[in-house]
Structure formats: structure tokens, C-alpha cells
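To keep things clear, I will list the structure first and then write my remarks on it.
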Amino acid sequence: MFGWRARLGVLVPPGNPTVEPEFYHMAPEGVTIHFARLQGFQSLSTPGAAAGMEERTLAYLEELPGPATALSSVNPSVVILAHTASSYATGFDKEPQLIDRIASLTGTAALTAARAVLAALKHFGVKKLALGTPYPEAISAKGKAYWEAAGFDIVGYQRLADVQNIYAENEQRAYQLARQANTPDADAVFLSGTGVPTVGVLEVLEQDLGKPVISSTQASLWQALRLAGVRQAIPGFGRLLREI
């Protein structure tokens, strides 16, 4: 039987080509990952493009019942909303209602990528955070406000320059974004978003910066495995997954 240790369900934006290969690359033996595409985008702008990103995000949230209910058919141990911007659009204070909604629709434990990152930051005792985002200014500002509402001092803040489409970005650009966002007094660096490839550069970033570097996808897998009761250290993707 596949997923004999755990089955993880992931709700992913329709145009996102990154989450699936990154999850498959990191997942330990006996854990299977099952995906459903978010809906509500058909008449809107191009997936991944800066233009229309806020409207697409709100549409995804409105149309959650379809993909969430379908995903529940594989009986996942945990369901993850792998779209960090959904949390920013919802707001920190209202996000628990979103998580409860997903749990109700799927009949299992649920989390968002942002709440997984929050758990990771608390795990490392982070107070001062450097934040790197690939979003347009409006969503980046909401992201900064989200983490400030969560109680962090944002001592470094950087948007990725010249983004035409998040899904066309690469790990080299993610590496540069982390370095630009970092400040000497930051306890950790967080690369927001599941669309930009990140997990292949987390290890080298931590070596170069001398501090934890967390990404949305890495933290989502880490927290989902913990909730599913799988506590196997996973090397090669940053300190977080080695300390599961």
C-alpha cells in the first residue's frame, strides 16, 4: 500500500509547477504526496503573473470546496494549503477560520504554508526576521504585515526584482533574494512563496549566511510530517528538516 507511513494532501495553485517536484524530492520513504489544483481562476489573469495575483488568490479561497473535498478521497493524514499568499490575503487574525474551513471540508488535520512557517520560526526561537518575497508590492506589504502581526521584528525585507511570472523563476534568483533580504541581526531568513524553487539552495544558504533559512515549501512538509507523526530527519534541505 502506498503511503503506509502517511499520506499528505496538498492544495496547490493551478499553474504552480514547483510544489510537486519539491515535495517529492524531500519526502521520506513510506510517505506519499497527493495534490489537488485550486479552482476559480479560469476567467482571470495568467497564473503566476504579477498582474491579477490578488484577484486570483481570492478566487482560489472562494472555490475551496471542490478541490478540498476531492482531495479528501485519498484519506490524507494532513492537508496543506500550499499557497502562502492566501494567508496574507486572509490576514493573521482570521487565518484560523480558514484552517478550520479546510479541516471541515477534508475531514482531517489542516494547515497553511504560513502557519507551518510560523511553527518553524518558533522552533528556532526567532525574534528578528529577514523576509524575502517574489510578490508584487501590494501582496508583499500584506506579507510583511502578517509577520509583524505574528509578533516578529522584520529587520530585513526584500522583494525579488523584475518578476514577470513567479513560476518562471529559479533557485539562483531565490539564493540572491535571501542574501539581499538578510541582515546581520536577523535570527533567520524566510523565503516566502511556494512558486519559486527554493529547497535546492537552502543548505548552501545556511552555510553562507550562518543562520537558519526557511522556505514555505520546506516548512510545509516539516510541519505536515510532524502532524502526521513521522519524525524522520531529512538531510540536504536545511537545518529545519534535520530537526524534525
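Only the coordinates and a few stated rules stand behind these numbers; no lab work does. All values reported here derive from a predicted model rather than from experimental measurement. Cβ atoms come from the backbone with ideal geometry, glycine included; neighbour counts cover every protein chain shown.
Going by average Cβ neighbours within 10 Å, how do the peptides 98-110, 194-206 rank, with the highest at the top? Write out the running numbers ahead of the final one.
Numbers: 98-110: 18.2, 194-206: 22.8.
Final packing ranking: 194-206, 98-110.
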(message) To check you understand DSSP bridge types, tell me what percent of the beta bridges within the chain (both residues inside) are antiparallel, rounded to 5.
(response) 5 percent
(request) Could you compute the FRET efficiency for Arg179 and Ala145, with r as their C-beta to C-beta distance and R0 at 30 Å, rounded to 0.05? (result) 0.80
(message) If each residue of separation counts as 0.36 nm, what is the full-extension length gain between Asn170 and Ile244 once their alpha-carbon separation is subtracted?
(response) 24.0 nm
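Mind pulling up the Rg/Rh value for the range 117-215? Radius of gyration and Kirkwood radius, both on Cα.
Details: Rg = 12.3 Å, Rh = 13.2 Å.
On the Cα set of the range 117-215, Rg over Rh gives 0.93.
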(request) Please find, in a Gaussian network model of the chain (springs between Cα atoms separated by less than 10 Å), the residue of Tyr157, Tyr24, Tyr135 whose mean-square fluctuation is greatest. (result) Tyr24
(message) Taking θ = phi - 60°, what integer Hz values does the Karplus form 6.51 cos²θ - 1.76 cosθ + 1.60 yield along the range 196-204, in sequence order, with x for Gly and Pro?
(response) 7, x, 9, 5, x, 10, 5, 5, 5
